[in-house]
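Notes follow the structure.
All of the numbers you see were taken from the coordinates with simple rules; none came from a lab. Quantities reported herein were computed from a predicted structural model and do not represent experimental measurements. In this analysis, Cβ positions are derived from the backbone assuming ideal geometry, glycine residues included, and neighbour counts consider all displayed protein chains.
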């Protein structure tokens, strides 16, 4: 064990020297716009809880009711006996919400992307991947046994050139809809045009778009007004919708194929029924008269306006994700620490999550933040990144 322990210790030391070692923060409060840790209370700009639903009383009530009716665990995989009524209801509700024929509930977005790509891909397939895709898409491609071709970020022209050169029997274009570290939106209409032209699947990971983009928060497809039977659409429940799990939506036969063959679905215990019930409740809130979506978009506008006044350089994102590029990992960590001293929780994101020399502060705005809070953060940023 000596050599193995030395290797582990050496790897950790290497991360320390490069300012890349990550630590876990323990929260002593529910997730929300304000949290409490060992240092004390602070305004939370680190969470993907974009609509402030993670601690919403209505989602709590839905979870309690589902526990009372169905217990805590599903007890089996969905194809054995783990598919309970709340799962069935949530799938139907989500398919209706995003206006696609059918939905399938997965245990997580990571598991969904692994299952999709390993099922649709094969040795005779070629997968075209945006350079900044999420790790779950990248790992799904590795499982697919297909050839992988990376195209320049959001560059439909580069993708067209690469697709035209391909002679693969099966082609799949895989992309984030909203890129999780930059907050920009993929050119989905143009990508769909290329998939129509070259007879390819289009896999859209809308983890950060569902509940944020489009009329009523219906996501990136609704944002652009596009639809096609060749689109395979994945969206998570653990971000804007406040719960946990993921859905894959698409053509009836494609979803049936995934249900029969996606190993991350077939061989996983189904989500707790309360998670499915919470998903349905989250959609109900988005479609209700008191949807928090307008508040989120007002906060995005207020933050960007105050950053402009304060001289803080922003990227082009108009979503809830607002990165501030810093460069070196140690400088990003130091800026994050200065913000925490001022009462703001803003994470420093470093490689390998982002490319080398692009360490950043990743600000996540929430509908439950006040306008005063987002404007105060913008002013604090001007001091923290000097």
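Tabulated values for the structure
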| read-out | value |
| --- | --- |
| Approximate spin-label separation residue 38-residue 65, in nm, with each point projected 7 Å along Cα-to-Cβ | 4.1 |
| Region 57-287 - share of DSSP beta bridges that are antiparallel (%, nearest 5) | 35 |
| Computed lengthening from residue 297 to residue 123, 0.36 nm per intervening residue step minus Cα-Cα distance | 58.3 nm |
| CD proxy at 222 nm, helix term only [per DSSP H run n ≥ 4: -39500 (n - 2.57); per residue of the chain; nearest 500] | -13000 deg cm²/dmol |
| Translational diffusion of region 313-386, µm² s⁻¹ [Kirkwood Rh, Cα pairs; Stokes-Einstein; 10 °C; 1.306 mPa s] | 127 |
| Equivalent ellipsoid semi-axes, region 57-287, via Cα gyration tensor eigenvalues times 5, rooted, Å | 30, 19, 14 |
| Approximate shape of region 1-156 as ellipsoid semi-axes (Cα gyration tensor, √5λ), whole Å, largest first | 32, 30, 19 |
| Global geometry of region 109-190, whether rounded, prolate or oblate, following the gyration tensor of its Cα atoms and the 1.5 cut on a/c | oblate |
| Label point distance in nm, residue 6-residue 169, each placed 7 Å from Cα along Cα→Cβ | 5.0 |
| Rotationally averaged projected area of region 156-312 (alpha carbon convex hull; nm²) | 11.8 |
| Residue order, fewest to most surrounding Cβ atoms within 10 angstrom, among 43, 26, 80 | 26, 80, 43 |
| Tail fraction, Cα-Cα pairs, region 117-156, threshold 16 Å, whole percent | 29 |
| Mean Cβ count within 10 Å, highest first, over the residues of peptides 167-180, 367-380, 108-121 | 108-121, 167-180, 367-380 |
